[in-house]
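**Q** Take a look at this one; I'll ask things after.
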Amino acid sequence: ALRKGSDLEKAFATAALVYNNYADPKGKLSKAETKSLLQSQFWHVIQGQENKPRYQEIISSLDEESENKIDFEDFMFLLVCLTLMSDLLQEIKNVKTTK
């Protein structure tokens, strides 16, 4: 559907598709599923973050036993938070595109 979309539109569509592939029929993820998704699909961003207190706080919250599930909006917020604190963000800022 987004073959002609911008790179940003494609990026968000991809995030939504990945989330939906992991989500339950109600469109939600358990905390354990969220952690698994992050570790398998977002590891380039989160690698090297293990010693940062904020990262540890986020990941430990996913380890808590709770029936609360994560919806797409919370998931996207989590991705943004993890990206903002990552070392990869600085690398991205230093890359110039030819577009």
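**Q** Quick one: Karplus J couplings for region 55-72, per residue in order, coefficients 6.51, -1.76, 1.60, θ = phi - 60°, nearest Hz, x for Gly and Pro?
**A** Rounded to whole hertz, the list is 4, 4, 5, 5, 5, 5, 5, 6, 7, 5, 6, 7, 7, 5, 10, 9, 8, 4.
**Q** Here's something else I'd like to know. Would you work out what percent of the accessible area of the chain, with all protein chains in place, is carbon or sulfur (probe 1.4 Å)?
**A** The C+S portion of the solvent-accessible surface of the chain is 55 percent.
**Q** Between LYS35, LYS52, LYS69, find the one with the highest GNM mean-square fluctuation for the chain; connect C-alpha pairs within less than 10 Å.
**A** LYS52
**Q** Ordered by residue, what ³J(HN,Hα) values in Hz, to whole numbers, does region 85-90 give under the Karplus form 6.51 cos²θ - 1.76 cosθ + 1.60, where θ = phi - 60° and Gly and Pro are x?
**A** Calculated HN-Hα couplings, in order: 8, 7, 5, 4, 4, 5 Hz.
**Q** Run the quick spin-label model on GLU50 and ALA11: label points 7 Å from Cα toward the beta carbon, then report their separation in nm to one decimal.
**A** It works out to 2.7 nm between the two label points.
**Q** Under the Karplus relation 6.51 cos²θ - 1.76 cosθ + 1.60, θ = phi - 60°, what is the ordered set of whole-Hz ³J(HN,Hα) values for region 25-35, x standing for Gly and Pro?
**A** In residue order, the calculated couplings are x, 8, x, 10, 10, 6, 5, 5, 5, 5, 4 Hz.
**Q** Then there is this: Under the rule of -39500 (n - 2.57) per DSSP H run of 4 or more residues, summed and divided by the residues of the chain, what mean residue ellipticity at 222 nm is obtained, to the nearest 500 deg cm²/dmol?
**A** Helix-only estimate at 222 nm: -19500 deg cm²/dmol.
**Q** Any chance you could list P(r) for region 1-57, counting all Cα-Cα pairs in 10 angstrom bins from zero, rounded to whole %?
**A** Spelled out per bin, shortest first, that is 20, 40, 33, 7, 0.
**Q** Give me the accessible area per residue for region 2-98, probe 1.4 Å, as a whole number in Å².
**A** Computed with neighbouring chains in place, this is 72 Å² per residue.
**Q** A further question follows. Show the residues, 5+ positions off or on another chain, whose built amide H is closer than 5 Å to the amide H of SER86.
**A** Correct list: empty.
**Q** For region 8-99, what percent of Cα pairs sit more than 20 Å apart?
**A** Roughly 38 percent, once rounded to a whole number.
The values are calculated or read from the model by the stated rules, or taken from the named source; none is laboratory data. Here the structure is a predicted model, which means the values were calculated and not measured. Cβ sites come from the backbone with ideal geometry, for glycine too, and all protein chains shown count toward neighbours. Calculation scope for accessible area: heavy atoms of the full protein, side chains included, ligands and nucleic acids excluded. Shrake-Rupley method; radii C 1.70, N 1.55, O 1.52, S 1.80 Å.
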